[in-house]
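For reference, the structure discussed in these notes is given below.
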Amino acid sequence: MIPHDTITSAANPRVREAARLRDADARRETGLTLIDGRRELARATAAGVAIEEVFVDVDSAPDLLHEDATGFAVTRGTPDDPNLASLVASGTRITGLSRKAFERIAFGSRNEGLVGIARYQAQPLASLAVATDRPVLMIEGVEKPGNLGAIMRTADAAGLAGVIVCDGRTDPANPAVIRASLGTVFTVPLAMASAAETIDWCRKHTRRVVAAMPTGTILWHEAQLAGPTAILLGSEAHGISPAWQQAASAGTIHLDSVRVTMAGIADSLNVSATAAVLAYESVRQRGSQP
């Protein structure tokens, strides 16, 4: 078992470098990100994500650490965290932090006492392997990490084939996305691509595109959403880009537009809510549980 240390200063260089991973530029430079929370870390570990270091708040999570004969803090693991013991066994550094130091890298007030540094980035579209008999969700121009995380949870819950983040303005390695997804970014097939690459992927894989739009010509429950479908949602501010309609007009892809009925004054749902409506309609149409 590797001996571990405890850091008390929030100005410690390792703490500063970890805190930088909240920034997109730092994540791109290093290929690293932060994972907040016990469940998220366990799911990342189970998915084979490389966890390079785990910081433990020694004040709020005393159940995870104890002092051994050498005086170093080591993790014990708990029944709720079956993968923590394996982190130590695999050589991951476990570092205790004081409350002040831990708060510099933790996600807001949702302190579960653990933050991991992981080597993780979404894969390119060319590497995406998905089931051919179930829909994928394609999210174009998504900006808010909370929306992307919620969409990942929906894809996981509904048993969809995967998610493509198209021209995204937030990346799946954002710690806020990971936290909002409850770690499902590590378990649902996921890729990032441009709109042009995604359109070409739909063509190559003969995916029928169903785009959600306030002016859609088909009601959501009348569209064919089961099978080899690609459900497309655009940003809440701009909708889907013109490239999709242009590709459909050129015969490159088949595209249907659908709308969700709105009884109030708002003309559209939140993008993650729309994703959930369409994902579960696809579940209903295939006549099975997710």
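When the dipole is taken about the Cα centre of the stretch 125-285, and only Lys, Arg (+1) and Asp, Glu (-1) are charged at their Cβ, what size is it in debye, to the nearest 20? Before the final figure, lay out each step's value.
Values: 11 positive and 13 negative charges, 47 e Å.
I would put it at about 220 debye.
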- Task: Please determine, in degrees from 0 to 90 and to the nearest 10, the orientation of helix 145-158 with respect to the longest principal axis defined by the Cα atoms of the chain, where the helix direction is its Cα long axis.
- Result: 70 degrees
- Query: Please state the relative contact order of the stretch 137-214 as a whole percent: Cα pairs under 8 Å, 6+ residues apart?
  - Reply: 33 percent
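About the Cα centre of the chain, how large is the charge dipole given +1 on each Lys and Arg Cβ and -1 on each Asp and Glu Cβ? Please answer in debye to the nearest 20.
Values: 28 positive and 31 negative charges, 70 e Å.
Charge dipole, the chain, about its Cα centre: 340 debye, nearest 20.
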- Task: Could you compute the FRET efficiency for K204 and I265, with r as their C-beta to C-beta distance and R0 at 30 Å, rounded to 0.05?
- Result: 0.10
- Query: After finding the eigenvalues of the alpha carbon gyration tensor for the chain, what semi-axes result from the square roots of 5 times each, listed largest first in whole Å?
  - Reply: 41, 18, 17
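Let me have the relative contact order for the stretch 125-285, percent, based on Cα pairs under 8 Å that are six or more residues apart. Don't skip to the answer; put the middle values down first.
Values: 321 pairs, mean separation 45.8, N = 161.
Dividing the mean separation by the residue count of the stretch 125-285 yields 28 percent.
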- Task: With unit charges on the beta carbon (Lys/Arg positive, Asp/Glu negative), name the residue among A273, H238, C202 whose Cα is farthest towards the positive pole of the charge dipole of the stretch 156-285.
- Result: C202
- Message: Which one, A250, G149, L137, projects farthest toward the positive side of the charge dipole computed for the chain from Cβ point charges (K/R +1, D/E -1)?
- Response: A250
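Return the percentage of antiparallel bridges among DSSP beta bridges fully within the stretch 125-285, rounded to the nearest 5 %.
Numbers: 1 of 24 bridges.
Bridges in the stretch 125-285 that DSSP calls antiparallel: roughly 5 percent.
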- Task: Set Lys and Arg Cβ to +1 and Asp and Glu Cβ to -1, take the dipole of the stretch 3-44 about its Cα centre, and tell me which of L32, N12, A42 lies farthest positive.
- Result: A42
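Rounded if a/c is under 1.5, else prolate if a/b beats b/c, else oblate: with a ≥ b ≥ c from the C-alpha gyration tensor eigenvalues square-rooted, which is the stretch 125-285? Kindly include the intermediate steps, with their values, before the conclusion.
Values: a/c = 1.32, a/b = 1.11, b/c = 1.19.
Since a/c stays below 1.5, the shape of the stretch 125-285 is classed as rounded.
Only the coordinates and a few stated rules stand behind these numbers; no lab work does. Bear in mind the structure is a predicted one, so any value in this text is a computation, not a measurement. Note that each Cβ is placed from the backbone with ideal geometry, even for glycine, and that neighbours are counted across all protein chains shown.
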